[in-house]
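Nothing in this text is a laboratory measurement; each read-out follows from the coordinates by a stated rule. Predicted model, so just to flag it, every value in this text is computed and none were measured. Cβ: placed from backbone, ideal geometry, glycine included. Neighbour counts: every protein chain shown.
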2 protein chains.
Amino acid sequence: MPEVKLEEVRRFMEDSLKAVGAPESEAKAHADLLMHADTVGHYSHGLNRLEFYINDCQSKACVPTAKPEILKESGATAWVDGHNALGATVGNFCMDLAIKKAKECGVGWVCARRSNHFGMAGYWALQAEREGLIGLAFTNSSPIMVPTRSKQRALGTNPIAMAAPATDGDKLVVDMATTTVAMGKIEVQIHKEEPLPAGWALGPDGKPTTDAKAAFQAGRLMPLGGEEKTSGYKGYALSAMVELFCSGLSGSNSTHNIRGWELDSNQGPPDLGQCFAAINPECFAPGFGDRAADCLNTWRNLEPVDPALPVLAPGDKEHHIGEATLAKGTVNYPQRQLEAMETMAKRIGVKPIQVV
Amino acid sequence: MPEVKLEEVRRFMEDSLKAVGAPESEAKAHADLLMHADTVGHYSHGLNRLEFYINDCQSKACVPTAKPEILKESGATAWVDGHNALGATVGNFCMDLAIKKAKECGVGWVCARRSNHFGMAGYWALQAEREGLIGLAFTNSSPIMVPTRSKQRALGTNPIAMAAPATDGDKLVVDMATTTVAMGKIEVQIHKEEPLPAGWALGPDGKPTTDAKAAFQAGRLMPLGGEEKTSGYKGYALSAMVELFCSGLSGSNSTHNIRGWELDSNQGPPDLGQCFAAINPECFAPGFGDRAADCLNTWRNLEPVDPALPVLAPGDKEHHIGEATLAKGTVNYPQRQLEAMETMAKRIGVKPIQVV
């Protein structure tokens with residue numbers, strides 16, 4: 001696969017966002033969000049999503065010059081109107097506020113309505129972690145998950161992210177869709193020409209399927225846990241919890257009212273609901289970082305079933321990939337993806353991506 | 001199965017707890033916690049657990065006269081020492097405090113060290129829900145879950161509970177172990193002489209097993225999601241999150257240092273960590289209850305795959321069983337369980353349970 005320098009990817013993202021009206025600061029912020037995903041190996045949420053944001057800016061579904069606004073505030077909380085700004089604009093505004101509140105009174109819990117897709121949820125939780133706080137981030141999304149027993153979609157991948165600081169720069173990072181997998185993993189199975197494991201997806205009849213193409217076309221993801229007998233209702237319950245944290249508290253669209261999945265920019269703003277929280281460990285027992293590090297290292301040192309596959313702490317995989325990417329200084333993208341970016345570059349008048 | 005009046009079960013629980021030193025108020029509180037489980041059909045966490053608490057009081061692992069104490073406090077937070085009091089004593093102290101703080105500054109986040117088992121986590125989240133707040137409750141527990149790729153246990157069932165109020169008394173209730181199932185469900189399969197579904201449990205070699213008896217003896221539960229290919233690492237990540245909310249913030253034992261599973265009262269206090277939170281929807285967009293009700297009803301009205309199995313909102317099953325139990329006024333217990341209670345009654349000198 002062609003290789004591109006990290007700074008060139010970032011340059012292209014920033015140029016593209018500026019070309020459709022984003023101020024420099026917001027183009028930089030949003031590019032940073034997307035770069036995070038490509039750096040830690042979640043390629044679905046990086047450059048892969050850029051055109052989606054560009055289209056939303058062009059259709060005015062997203063207003064890249066908009067500034068979020070606090071509508072209501074108390075000691076530990078804020079309700080924010082994102083005014084359909086870029087996801088990174090809303091995310092930075094809300095998480096900065098949650099961090100400030102957590103430092104002042106122990107917890108900050110900030111919810112935004114009228115937001116756009118905010119990339120990897122873990123990126124936001126990590127903003128708080130870098131300040132020595134526990135960070136949490138949640139978002140609703142387009143309807144793609146089928147609740148247990150249902151034939152129809154009603155909830156999103158509705159992710160849960162949590163990051164917590166441990167001693168010596170170590171950290172716990174939880175960043176997970178409440179579906180068993182995201183659609184990107186089904187696409188990977190199509191490319192590999194392999195069937196899906198049971199518990200990933202349903203066909204249009206609401207019955208489990210292992211046919212990757214049929215699953216992709218049906219677009220019906222199963223909740224984490226899979227079928228009812230393997231407790232799929234728990235993944236559904238987690239998604240429901242995220243829904244009420246997001247649309248419930250913020251007054252945004254509920255997932256069942258959100259426009260369909262991606263690249264569908266002409267249906268107006270998605271009006272997503274998002275929730276950002278920070279908790280200050282200093283307000284509790286001294287030594288949080290040491291206890292967190294002890295847990296992480298205990299888990300890593302558990303005896304593995306297969307010595308070639310050591311036990312990881314949640315977030316380790318992304319951390320290792322992130323370090324390797326930064327050391328290499330480049331990312332590899334499929335030729336087809338770079339061609340699509342070249343077409344987009346011409347369309348919006350920016351310099352195409354230069355491969356190494 | 002023999003039938004017992006609800007008030008008789010409650011009488012027996014209170015008498016038993018008082019017989020081992022619990023003051024009347026705490027015996028009532030703890031009985032209420034256990035009655036909730038038997039009322040909503042989670043029999044594993046009701047009368048079934050009474051002897052475990054009685055033994056812990058007798059061995060002094062639990063101190064039923066102890067009073068929790070606030071060690072540190074900020075606007076939205078409190079750090080509490082449970083002083084090894086009964087789970088209900090610590091739970092009521094902490095959740096009352098979280099509710100008060102949520103009413104004052106939007107969020108209350110309270111963590112306790114040196115607590116004991118606090119029954120169904122959902123019971124605590126519902127205390128906040130009854131006050132018009134979103135309630136959250138988490139606890140760590142004895143090591144029984146095997147992290148992805150590991151052969152060894154290191155985390156507990158570490159449950160997540162969340163309850164949120166909706167219009168007209170409706171509510172969302174999430175109350176789930178972060179393992180695929182709890183041990184009680186494996187016991188049920190043994191009694192039914194049926195194999196386990198894949199994704200529930202591992203054998204002593206760390207490999208998946210469907211043999212219910214072998215699984216029960218091995219005591220190695222899989223995280224929600226099951227194997228790695230069906231995203232079991234997400235259940236592991238959720239359990240890790242709960243661990244840092246509980247032992248991380250409170251300074252209690254981490255799960256990997258907690259004594260083994262149940263009825264093992266002679267190893268001293270378990271020193272569990274627990275976390276209770278309340279969030280005030282009034283601090284965010286008006287109309288939370290209506291939006292929550294709209295979500296709940298939308299999910300319930302989704303077209304089901306099997307018309308005989310309607311789609312439920314999370315918590316509906318327990319709600320329906322609870323209403324039926326209260327209407328009937330009785331609970332049925334297995335003969336063997338009542339015989340065990342009769343033996344215990346003689347041992348601690350209380351009037352045995354009278355069946356109808």
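In table form, for the structure just shown:
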| quantity | calculated |
| --- | --- |
| Quotient of C-alpha Rg and 2.2 N^0.38 Å, computed over region A:1-134 | 1.07 |
| Partner chain coverage, peptide A:310-320 - average Cβ within 10 angstrom | 3 |
| Percent RCO, i.e. relative contact order, over region A:1-156, from Cα pairs under 8 Å lying at least 6 residues apart | 16 percent |
| Check: region A:1-147 dipole with +1 on Lys, Arg Cβ and -1 on Asp, Glu Cβ, in debye | 360 debye |
| Charge dipole magnitude, Cβ of K and R +1, D and E -1 - region B:85-206, Cα centre, debye nearest 20 | 500 debye |
| Shortest-first distances to equivalent copies, position B:LYS328, nm, label 7 Å out along Cβ | 6.1 |
| Leading residue at positive end of dipole, chain B (Cβ point charges), from B:ALA324, B:CYS283, B:THR139 | B:THR139 |
| Order of A:LEU33, A:LEU17, B:LEU155 under a 10 Å beta carbon neighbour criterion, fewest first | A:LEU33, A:LEU17, B:LEU155 |
| Inter-label distance, nm, simple model (7 Å from Cα along the C-beta direction), A:ARG11/B:GLU73 | 5.9 nm |
| Long-range amide H partners of B:VAL80 with built H, under 5 Å | B:LEU71, B:CYS111, B:ALA112, B:ARG113 |
| Violating pairs (Cα-Cα greater than 28 angstrom) within the set A:LYS18/A:LYS185; A:LYS229/B:LYS229; A:LYS103/B:LYS171; B:LYS60/B:LYS351; A:LYS18/A:LYS103 | A:LYS18/A:LYS185; A:LYS103/B:LYS171; A:LYS18/A:LYS103 |
| Whole-Hz couplings from phi, Karplus 6.51/-1.76/1.60, listed for region A:89-106; x for Gly and Pro | 5, 5, x, 5, 4, 6, 6, 4, 5, 4, 5, 4, 5, 5, 6, 7, 9, x |
| Relative contact order of chain A, pairs being alpha-carbon contacts under 8 Å that are 6 or more residues apart, as % | 23 percent |
| Footprinting exposure proxy for A:HIS319, A:HIS117 (fewest neighbouring C-beta atoms within 10 Å first) | A:HIS319, A:HIS117 |
| Position A:ILE190, label points 7 Å along Cα→Cβ, spacing to each other copy in nm (shortest first, one decimal) | 4.7 |
| Qualifying aspartates and glutamates (Cα of each under 19 Å from Cα of B:LYS317; at least 8 residues distant if same chain) | A:GLU227, A:GLU228, B:ASP38, B:GLU129, B:ASP168, B:ASP170, B:ASP175, B:ASP294, B:GLU303, B:ASP306 |
| Amide H contacts under 5 Å for B:SER150, placed H, 5+ residues apart | A:VAL305 |
| Trypsin sites (Lys or Arg not before Pro) lying in DSSP loop within region A:111-175, provided at most 15 other Cβ fall within 10 Å | A:ARG130 |
| Solvent-free Debye scattering, log10 I(q)/I(0), computed from the Cα coordinates of the protein assembly as shown at q = 0.05, 0.06 Å⁻¹ | -0.23, -0.33 |
| Among A:GLY225, A:ILE99, A:ALA163 - extreme Cα towards positive end, dipole of chain A, charges at beta-carbon | A:GLY225 |
| Label point 7 Å beyond Cα along the C-beta direction, distances from B:GLY203 to other copies (nm, shortest first) | 3.4 |
| Region A:300-316 - phi-based ³J(HN,Hα) in whole Hz, Karplus 6.51/-1.76/1.60, Gly and Pro as x | 4, 9, 5, 5, x, 5, 10, x, 7, 10, x, 6, 9, 7, x, x, 4 |
| Intensity falloff of region A:181-221 expressed as log10 I(q)/I(0), Debye formula with alpha-carbon point scatterers, at q = 0.24, 0.33 Å⁻¹ | -0.64, -1.23 |
| Chain B: translational diffusion in µm²/s, Stokes-Einstein, Kirkwood Rh over Cα pairs, 37 °C, 0.692 mPa s | 156 µm²/s |
| Shielding of A:174-185 by partner chains, average beta-carbon count, 10 Å | 3 |
| Nearest-20 debye value, chain B charge dipole, Cβ charges on Lys, Arg, Asp, Glu | 860 debye |
